[in-house]
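The values are calculated or read from the model by the stated rules, or taken from the named source; none is laboratory data. Since the structure is predicted, the reported quantities are computational estimates derived from the model, not experimental observations. Note: ideal-geometry Cβ built from the backbone for every residue, glycine included; neighbour counts use all protein chains shown.
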Amino acid sequence: MNNSKFSMKDVMKVKELGALLPLILLVVVASVINPAFMGSNNLFDILKTTSYTTILAVPLTMLMSSGRMDMSIAAATALGGIIVAMAETNGVPLPFAILLGILAGALIGVCNAILVDYFKLPGFIATLAVSNIVDGISAVVTNNNPIPGISGAFKAIAQTRLAGQVTITVVYALILAAAGFVVMNRMKIGRMILAVGGNAEAANLAGIDVKKIHTGLFILVGVFGALSGVLYCSRFSSAQLTAGAGTSLTIMSSVIIGGTAMRGGSGTIIGSVLGCMLFAVITNALVVMGISTNWQNVVYGLILVAALLIDYFRQKSARRA
């Protein structure tokens with residue numbers, strides 16, 4: 001009879017626990033302090049918030065699994081919504097307006113890929129520089145003013161509700177998360193992404209075009225950043241510079257705490273979704289428990305530190321195995 005011992009090493013192997021355990025703990029605490037937390041309206045609100053971050057977290061999970069990061073997500077979100085709103089309010093049919101926004105997001109991804117993979121600039125600094133440039137362009141184009149007057153069809157993209165309560169963005173997020181899971185766990189491209197993140201040089205020698213993989217993933221993140229901007233614009237009935245503001249670090253923290261290795265080679269879509277839900281629950285719980293939202297950045301910062309420590313110990317455990 002084999003006696004199996006449960007050790008910390010076994011815990012670290014379950015990548016999603018970094019998000020799942022604090023999520024469960026926080027839900028229990030918030031429910032005890034204020035039973036209204038478990039009300040249907042509140043839970044649907046959490047799902048709605050999670051859906052917006054999940055749409056960004058899924059492509060970022062793939063990118064980070066390949067060993068790259070992107071700090072320009074929020075900038076792509078703002079610019080995407082602005083371009084689509086400007087185009088649509090000036091008579092461009094909505095499908096073509098959305099296409100223009102997608103192209104803008106793709107261009108941001110291409111710029112990031114060129115700087116990081118072709119000029120070998122540090123990913124964090126390069127994508128942060130692109131973010132600043134894009135933010136500046138958005139400010140100049142809008143003169144720091146929101147763009148109202150979008151059509152009813154545009155508003156319906158994110159404001160449509162199913163069964164009276166579930167916003168359609170939750171459906172979008174579920175479909176994207178399912179697709180991301182299949183890509184990363186059931187398809188050859190997913191194995192290639194992890195191989196590139198694990199050891200880019202070895203992957204290149206094995207015949208994998210590392211630059212092509214990274215470029216495609218940077219473009220994917222840019223495209224979904226822009227699409228997220230479309231959803232924010234639809235949700236608030238106007239395009240705003242603040243759409244997606246501050247989300248880059250939050251999304252990255254969600255992905256890391258969910259189990260994706262910051263240096264690449266390991267990633268989990270399910271963990272990233274749980275990480276997004278954790279941040280949504282934190283924001284919601286502060287309100288429900290009557291705690292000042294001024295503490296939100298403090299809590300987010302602490303979770304980011306926790307995410308980095310979890311990633312450090314996870315990588316250390318993997319090296320010892």
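Scan segment 170-193 for residues that are of a type outside the set (V, I, T) and closer than 23 Å to C111 by Cα and report the count.
Looking only at segment 170-193, we keep the residues that are of a type outside the set (V, I, T), and these are 172-174, 176-181, 184-188, 190-192.
Add one more test, that the residue is closer than 23 Å to C111 by Cα, and what stays is 192.
Within segment 170-193, residues that are of a type outside the set (V, I, T) and closer than 23 Å to C111 by Cα number 1.
Given the conditions (1) surrounded by 24 or more Cβ atoms within 10 Å (Cβ to Cβ); (2) modelled with pLDDT of 90 or more; (3) farther than 22 Å from V170 by Cβ, report the number of the one that G265 does not fulfil.
Evaluating G265 over (1) surrounded by 24 or more Cβ atoms within 10 Å (Cβ to Cβ); (2) modelled with pLDDT of 90 or more; (3) farther than 22 Å from V170 by Cβ leaves (1) as the failure.
So, T160, is that one among the β-branched types (V, I, T), within 14 Å of R235 (Cβ to Cβ) and either modelled with pLDDT under 95 or within 25 Å of the chain's Cα centre (by Cα) (or both) or not? Steps first, answer last, please.
Numbers: among the β-branched types (V, I, T): yes; within 14 Å of R235 (Cβ to Cβ): yes; either modelled with pLDDT under 95 or within 25 Å of the chain's Cα centre (by Cα) (or both): yes.
Yes, satisfied.
Inspect segment 125-144 for any residue being without any contact (Cβ under 8 Å) to a residue 60 or more places away in the chain and in contact with a strand residue (DSSP E or B) (Cβ under 9 Å, 6 or more places away or on another chain) and give the result as yes or no.
To start, the set of residues in segment 125-144 that are without any contact (Cβ under 8 Å) to a residue 60 or more places away in the chain comprises 125-130, 132-133, 136-137, 140-141, 143.
Those left that are additionally in contact with a strand residue (DSSP E or B) (Cβ under 9 Å, 6 or more places away or on another chain): none.
For segment 125-144, residues without any contact (Cβ under 8 Å) to a residue 60 or more places away in the chain and in contact with a strand residue (DSSP E or B) (Cβ under 9 Å, 6 or more places away or on another chain): absent.
Considering only segment 79-100, how many residues are of a type outside the set (A, V, I, L, M, F, W, C) and in contact with a helix residue (DSSP H, G or I) (Cβ under 7 Å, 6 or more places away or on another chain)?
Step one: list which residues in segment 79-100 are of a type outside the set (A, V, I, L, M, F, W, C), which gives 80-81, 88-91, 93, 95.
Next, only the ones that are in contact with a helix residue (DSSP H, G or I) (Cβ under 7 Å, 6 or more places away or on another chain) stay: 80-81, 88.
Residues flagged as of a type outside the set (A, V, I, L, M, F, W, C) and in contact with a helix residue (DSSP H, G or I) (Cβ under 7 Å, 6 or more places away or on another chain) within segment 79-100 amount to 3.
Out of L227, L249, which single residue is closer than 18 Å to A173 by Cβ and in a helix (DSSP H, G or I)? Break it down into steps so the answer makes sense when it comes.
Values: L249 fails: closer than 18 Å to A173 by Cβ.
Only one candidate passes the filter, namely L227.
In this structure, does I168 turn out to be crowded, with 17+ Cβ neighbours inside 10 Å and more than 21 Å from the chain's Cα centre (by Cα)? Give the steps one after another, and end with the answer.
On the way: crowded, with 17+ Cβ neighbours inside 10 Å: yes; more than 21 Å from the chain's Cα centre (by Cα): no.
No; evaluated as a whole, the condition is false for this residue.
Each row is one residue, and each column tells you yes or no for (1) in contact with a Ser or Thr (Cβ under 7 Å, 6 or more places away or on another chain); (2) within 20 Å of L217 (Cα to Cα).
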residue	(1), (2)
T61	yes, yes
G67	no, yes
I73	yes, yes
A78	yes, yes
A87	no, no
N90	no, no
P95	no, no
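Only residues that are surrounded by fewer than 24 Cβ atoms within 10 Å (Cβ to Cβ) and in a helix (DSSP H, G or I): list them for segment 56-91, please.
Listed by number, the residues that qualify are M86, A87, T89.
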